[in-house]
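Please treat every number below as a calculation from the coordinates, not as lab data. For clarity, every value in this text was computed on a predicted model and none was experimentally measured. FYI the Cβ positions are ideal-geometry reconstructions off the backbone, even for glycines, and counts take in every protein chain you see.
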Amino acid sequence: MNCVEKTKKENLIYKGRILDLYNDEVSLADGSESMREYVRHNGGCGVLAVDGDGYVYLVEQFRYPYREMLLEIPAGKLEVGEKPYDCAVRELREETGLVANDLIYLGVFYPSPGYTDEPLHIFIANSFTQGEACLDEHELLNLKKIKLQDALQMVYDNVIRDAKTVIALLRYAALNK
């Protein structure tokens with residue numbers, strides 16, 4: 001069955017600093033019409049840094065929508081026209097001070113396709129040097145160095161709940177059995 005929807009009219013409701021909100025008019029495959037409300041976001045990149053001793057480098061930061069501290073891989077927003085690889089290198093350095101010698105691409109995923117078009121690209125850094133972090137203005141975080149097996153247990157125990165971090169850790173573990 002054909003389920004493809006066609007955009008009749010894009011309706012920008014809100015233009016923000018990091019996202020835009022739309023409520024578009026669409027034609028459904030069965031000929032009926034509907035509205036689709038969604039967030040347009042340029043996307044982001046995250047990096048799971050793993051050192052030779054089996055430690056991963058995560059950042060702990062307060063995430064306002066959840067009103068709690070979360071453990072996450074270093075990550076950030078793709079700038080318009082920026083390549084995912086370049087974004088990943090930049091974000092890893094900014095948030096941790098780690099300077100990647102090379103990154104391995106693990107793929108892209110869609111964190112919440114029911115309401116956003118955001119793509120998230122995930123990379124692995126297993127060769128890096130320590131440099132100086134340079135956080136964005138008003139960005140407060142703690143760098144945590146955690147044994148890979150402990151981080152995986154935190155995923156299984158539902159302590160790490162951030163989707164990009166869960167995906168990165170599980171994909172890395174599956175590739176390195």
Taking only Cα atoms and a 10 Å spring cutoff, compute GNM fluctuations for the chain and point out the largest among Tyr156, Tyr14, Tyr38. Tyr14
Cα principal axis extents for region 79-122, largest first, Å: 35, 20, 19
What is the P(r) of region 1-130, as percent of Cα-Cα pairs per 10 Å bin from 0? 12, 32, 29, 17, 9, 1
Enumerate the amide H contacts of Gly43 below 5 Å, restricted to partners 5 or more residues apart or on another chain; note that Pro and chain-start residues carry no placed amide H. Leu78
Amide H contacts under 5 Å for Tyr55, placed H, 5+ residues apart: Leu148
Once you have all Cα-Cα distances for region 86-150, histogram them in 5 Å bins from zero and send the whole-percent values. 4, 14, 19, 20, 22, 15, 5, 1
Tabulate in residue order the Karplus-calculated ³J(HN,Hα) for region 97-111, using 6.51 cos²θ - 1.76 cosθ + 1.60 with θ = phi - 60°, rounded to whole Hz; enter x for Gly and Pro. x, 6, 10, 6, 7, 6, 10, 10, 7, 9, x, 10, 9, 10, x
Tell me the Kirkwood radius of region 55-177: reciprocal of the mean inverse pair distance over distinct alpha-carbon atoms, in Å. 15.1 Å
Rg/Rh (Cα only; Kirkwood hydrodynamic radius) as it applies to region 45-120: 0.97
Which far-off residues, 5 or more places away or on another chain, put their amide H under 5 Å from the one on Leu106, with H placed in the peptide plane? Ile122, Phe123, Ile124
The FRET efficiency for Glu137 and Lys177, from their Cβ-Cβ distance with R0 = 45 Å and rounded to 0.05, is 0.60
Please identify the helices of the chain, taking whole runs of DSSP H, that span at least 20 Å along their own axis as judged from the Cα atoms and have a mean Kyte-Doolittle score of 0.0 or higher. none
Once phi is turned into θ = phi - 60°, what whole-Hz ³J(HN,Hα) does the Karplus curve with 6.51, -1.76 and 1.60 give for every residue of region 73-79, x standing for Gly and Pro? 6, x, 7, x, 7, 6, 7
Given the options Val47, Val99, Val159, state which has the largest fluctuation in a GNM of the chain using a 10 Å cut-off (strictly under) for Cα springs. Val159
Trypsin sites (Lys or Arg not before Pro) within region 14-112: DSSP coil, no more than 10 neighbouring Cβ in 10 Å: Arg17, Arg67
Mean projection of the alpha-carbon convex hull of region 125-168 over all orientations, in nm²? 4.3 nm²
